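Some notes on the structure that comes next.
All of the numbers you see were taken from the coordinates with simple rules; none came from a lab. No experiment lies behind these values; they were computed from the predicted model shown. Neighbour counts are summed over all protein chains in view; Cβ atoms, including those assigned to glycine, are modelled from backbone coordinates with ideal geometry.
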Amino acid sequence: MRKTKFRSICAIATAVDIVGDKWSLLIIRNMLFHKKHTYGELLDIPEKIATRVLADRLKSLAADGLIEKRNHATNKKVFLYTLTDKGISTINIIVDLMKFSIEFYPKHIKIPSSDKNRVSYQFLHAGSEDEFIKNSKKEYAKFKKELLAA
């Protein structure tokens with residue numbers, strides 16, 4: 001597997017080289033918050049990622065240690081993708097991006113009170129940012145444990 005080629009020693013440039021493309025954080029978002037864990041589930045995200053792009057991003061995320069790829073326990077043609085601790089830690093980046101969008105583009109975000117499954121709705125109705133992050137990490141850890149135990 002190929003590792004990311006870094007452009008410079010700048011901390012911001014390094015992070016952008018890892019997760020700053022158009023798709024990586026959306027893939028992680030779907031894994032973390034929507035419990036997507038197979039190629040097919042990730043291919044079916046609302047933003048309509050191309051199959052070749054998804055395959056490339058999954059390889060890159062795995063090479064950089066943000067996700068792990070495992071064989072499915074009962075179907076060898078299916079792979080399970082799960083976040084590593086490093087991948088889960090990107091929640092802080094995702095939360096900062098959500099805060100930015102909610103603050104500066106509220107008309108575009110349009111968070112209907114009827115859609116309680118939206119991450120932005122859950123974030124806005126959490127007791128605090130720290131509580132949202134803690135609960136999200138806890139829920140994902142529980143999901144991952146159950147998925148891998150099956």
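One decimal place: the segment Val53-Ile93 gains 12.2 nm when fully extended, by the rule 0.36 nm per residue minus the C-alpha distance.
When the chymotrypsin sites (Phe, Trp or Tyr not before Pro) in segment 1-64 are filtered for DSSP coil states and for at most 13 other beta-carbon atoms within 10 Å of their beta-carbon, the remaining sites are Phe6. Which value, in Å to one decimal place, does the Kirkwood hydrodynamic radius take for segment 1-136 when every pair of different Cα atoms is included? Kirkwood radius, segment 1-136: 16.1 Å.
Put the Cα centre of segment 123-150 next to the Cα centre of segment 1-62 and the gap is 20 Å. Applying the criteria of a DSSP loop state and at most 10 other Cβ atoms within 10 Å to the trypsin sites (Lys or Arg not before Pro) of segment 59-104 yields Lys76, Lys77. Between Ile9 and Glu68, residue separation times 0.36 nm minus the direct Cα-Cα distance comes to 18.6 nm.
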